[in-house]
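The values are calculated or read from the model by the stated rules, or taken from the named source; none is laboratory data. What you see is a predicted model; the values in this text were computed from it and never measured. All Cβ positions, glycine included, derive from the backbone under ideal geometry; neighbour counts span all protein chains shown.
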Amino acid sequence: MNDKVFIEEQFPVSKVSKESYKERKAGASQTLTGLGKWWGRKPLILIRASIIGMLMPVSDNPKKDREIFLKILTMDNDGLWLRRTKSIPAKIIQDNDKGWRADAYLYCVEAKCPATGLMLPLAPSWVISEKYNVCAVLKRNDLIKGYDIDIITGANKDTMAKAKLGTVRNNRMICPETGEEFSISGIRGDRVVNGKTIYGLRLWEKDDFVPRPDDVFQERLYCVRWVETYVEKNKQGKVVEKKLHHISSVTETDQKREKQVLKLLNERFKEWQTKGFIPSRKIEHGYNTDQPIRERGWTHWHHLFNHRQLLINGQLFSYLSEMSNNSETLISGLLHIGLCADWNSKLLRWVSHIRKTGMGGVNQSFYNQALNTLYNYTARNLMSLYSYNIKLSNLNITNYTCRIDVKDARKNNSTMDLWITDPPYADAINYHELTDFFLSWYEKQIQIVFPEWYTDTKRALAIKGSGNDFKQSMVDIYSKLTKKMPQEGIQMVMFTHQNSSVWADLAMILWAAGLKVTAAWTISTETAVGIKKGNYVQGTVLLILRKRLSDETTFLDEIYPEIEDEVRNQLDHMMELDDTDDPNFGDTDYQLAAYAAALRVLTQYSDIEGHDIRHELFRQRESGEKSAFETVIDRAVEIASDHLVPAGFHKQYWKNLTAPERLYLKGIELEKHMEARSGAYQELAKGFGVRDYKFMYAKTKANAVRFKTGLEFKRLHLGGTDFSGSLIRNTLFAIHETIRAEDAREGLKWFHTEIDHYWNQRKLIIEILNFLSTTNHIPHMPHWKKDADAAKRLAGAVENDHGGRL
């Protein structure tokens, strides 16, 4: 036996990653999501596994330890089978008088077009369903000084193409009559006075819930999606329920229902605000919260909901208040109201390509943790929100008492064996502002159930931003947590960032707090698709830390060999665990692991000769200047880049390639893995220390980046130094010549003429050609087919080359 815990010795990275992925793919059915937790969150299975891993001691039998750990998590074979066989509860629906149910209402903003004087409906796209070619078409109507909006199903190619263009792009109104463009800021009436921007919109008042007739932006219903439910017999003769979706233009009857909704809300509005059934809270100024104020003039949180949404959400709250006979029922209802607010507001984005039916769908308000004012949005029907109902009767809840303290971590006086933190370092999400969206619905009812609770967001206490004040706060917090844990206590820090300077700062913060990293594991926590752009990471690093009790010292130059060994061991361990057919990790995740490995070495020493770490942490640096620790971490990434050989390429040949050549081949591997984000290529280049590489790009469009083939390079960037004169560049041109002449001998001739020491490099050339030929049968790489075929033929020619004679 020893003093270590399970997570310091081993961790089932692959299994936890796969279970985390499954949980993420469950969407709104995730456990925490279903309980109304809208903000950025780690998968519940990851948290459970982490806590158990920090509590479970290890024995002298690692294999047995692993079996026990998986059984506790029900991630052994028996547990996985039991979870697989769980049934899915039936869903209840409600029909309207036509036998159809309206489950989505599409609204858009209108504004007067300066070119025509007509009220122009605004939307970045008028496509409603890509699968069924459903779109909205604007038809000028001078009688109403605006446009009729017709919904077309089965639209032709030209109509769909026009619909995709919309009437607003890049914050500019596009006139459909003249093609003229007008800035939205100009439409709003924004102006600059004495160097300060004055926003031109009327600020809405507390009693407003629809635009006033003279407001710049009006709102209108332009489409309704209906669900027809019917029954029929299947092939086995069993009666089954079927659903058919209809997307329709707005009718006169629909307009009457809109007026009825307004009437019903108007009758209840003031009473509901007083009772807290709908929000009445004012929007405080902030980075995110200023956006709806300046872009729409909305000043109170209920302005982020239209009349139909306020009526439905408010009616649910009213019903909840009547039916709740105890605090538990009311609290569960509040969670439900929060979910309804998240899935029924003016921030609901219509997405034309999602939903299994192909009839479009919606993204929740906080799909990207911001307050995005939309030109077209979706309202939900009452019954379409049914799936967000929280059925506590289905949950086996044990009655027990737990303690929750919400306070400034710097003032914590409680001693704990375990601390788990997910620091907001370099986080662009202002949770302290966004929380008000939900608190505006909860505040008055929370005071009823928990009179001693506050309903203030405590913005002033939020640890946010960057700079020395932020760093000092982080040091103070982690120092306090370290002080408030026993000698054998453990901390876990979850971290996801890829910026080496951020990791360097984290290393110094943890060091200054008296902590050392004892283990690090990279878990795949995100799905491959999502809202994040740029350098998008699929993994989260779990840093396991203990108090640094030793007085070991070292010199910075002595650390490099240790880091090199640690990085290689970490990467080898990850690759050993990874699934070849369904990889958990990409190059960006291996880079995170390299950062973590560097921290593990750096933080074990109490002193690094010649470096005052506290001074280094808070020292003001010139733009572009790197700290000594950032240089160490950059070196860790370089080691990782050198160590990660593309699949199918022999390591012995990899060592003979230059950095630009390695970058090119790794870029091809990225493309094989369907990685098309520019950030991934940028980080790859950074890891190899290559500055000049953009000429390699065949495409530079966001999320569609890839490197050129030999055919696409042609004669460009051929000859000279670096990549242009490299063996790979000459190999690509030899492929080009083989295709041009339809004869591998032309490529072979190029090698004999242009490659120094050709005979000594023959095997490396064959290895390169064989690697490039593997792109032949990859469905998403058809542009490589000719090059891959030529590479295969040319590899055979080089292999059979005997003095230039085939």
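Checking each residue in the range 442-452 for being of a type outside the set (S, T, N, Q) and out of contact with any Leu (no Cβ under 8 Å at 6 or more places or on another chain) picks out GLU443, LYS444, PHE450, PRO451, GLU452.
Note on the range 521-575: residues that are in a loop (DSSP other than H, G, I, E, B), touching a strand residue (DSSP E or B) at 6+ places or on another chain (Cβ under 6 Å) and modelled with pLDDT under 90 amount to 2. Where strands (runs of 3 or more DSSP E) sit wholly within the range 338-413, those with at least 1 residues that are modelled with pLDDT of 85 or more occupy 349-351, 376-380. Of all residue pairs spaced 6 or more apart or on separate chains, those with beta-carbon atoms under 9 Å, a first member in the range 178-199 that is under 23 Å from ASP214 (Cα atoms) and a second member that is assigned to a helix (DSSP H, G or I) and among the acidic types (Asp, Glu) are ILE184/GLU295; ARG188/GLU295; TYR199/GLU295. Taking first residues from the range 639-666 that are among the β-branched types (Val, Ile, Thr) and partners that are part of a loop (DSSP other than H, G, I, E, B), the Cβ contacts under 8 Å between residues at least 6 apart in sequence or on separate chains come to THR658/SER726.
Of the set (1) within 24 Å of GLY725 (Cα to Cα); (2) out of contact with any Pro (no Cβ under 6 Å at 6 or more places or on another chain); (3) among the hydrophobic types (A, V, I, L, M, F, W, C); (4) surrounded by 14 or more Cβ atoms within 10 Å (Cβ to Cβ), all apply to ALA636 but (1). The residues in the range 446-477 that are hydroxyl-bearing (Ser, Thr, Tyr), over 30 Å from ILE331 (Cα atoms) and at pLDDT below 80 can be counted, and the count is 1. In the range 708-736, which residue that is touching a Gly at 6+ places or on another chain (Cβ under 7 Å) and farther than 19 Å from TRP654 by Cα is modelled with the lowest pLDDT? If we take residues in the range 708-736 being touching a Gly at 6+ places or on another chain (Cβ under 7 Å) and farther than 19 Å from TRP654 by Cα, then GLY719 is modelled with the lowest pLDDT. Counted as qualifying within the range 701-782 are the helices (runs of 4 or more DSSP H) with 1 or more residues that are more than 39 Å from the chain's Cα centre (by Cα) and charged (D, E, K, R), namely 727-741, 744-754, 758-773.
Only a single item in (1) more than 37 Å from the chain's Cα centre (by Cα); (2) among the basic types (Lys, Arg); (3) at pLDDT 90 or above is not met by LYS238, and it is number (3).
On inspection, ALA698 qualifies as of a type outside the set (D, E, K, R), touching a His at 6+ places or on another chain (Cβ under 9 Å) and in contact (Cβ under 8 Å) with a residue 24 or more places away in the chain. Assessment of the range 241-250 against the conditions (part of a helix (DSSP H, G or I) and surrounded by fewer than 12 Cβ atoms within 10 Å (Cβ to Cβ)) yields no matching residue. Out of curiosity, is GLU219 in the same structural domain as LEU310 (by TED's automatic domain parsing), in a loop (DSSP other than H, G, I, E, B) and at pLDDT 95 or above? Spelling it out, it is not the case that GLU219 is in the same structural domain as LEU310 (by TED's automatic domain parsing), in a loop (DSSP other than H, G, I, E, B) and at pLDDT 95 or above. Checking each residue in the range 110-157 for being closer than 17 Å to MET173 by Cα and under 28 Å from the mean Cα position of the chain (by Cα) picks out LEU122, ALA123, PRO124, SER125, TRP126.
Of all residues in the range 228-277, those satisfying the criterion of being touching a residue at least 40 places away in the same chain (Cβ under 8 Å) and of a type in the set (Val, Ile, Thr) are THR229, ILE247, VAL250, VAL261. Restricting the search to helices (runs of 4 or more DSSP H) fully inside the range 15-125 and requiring at least 1 residues that are modelled with pLDDT under 80 gives 31-34, 77-84.
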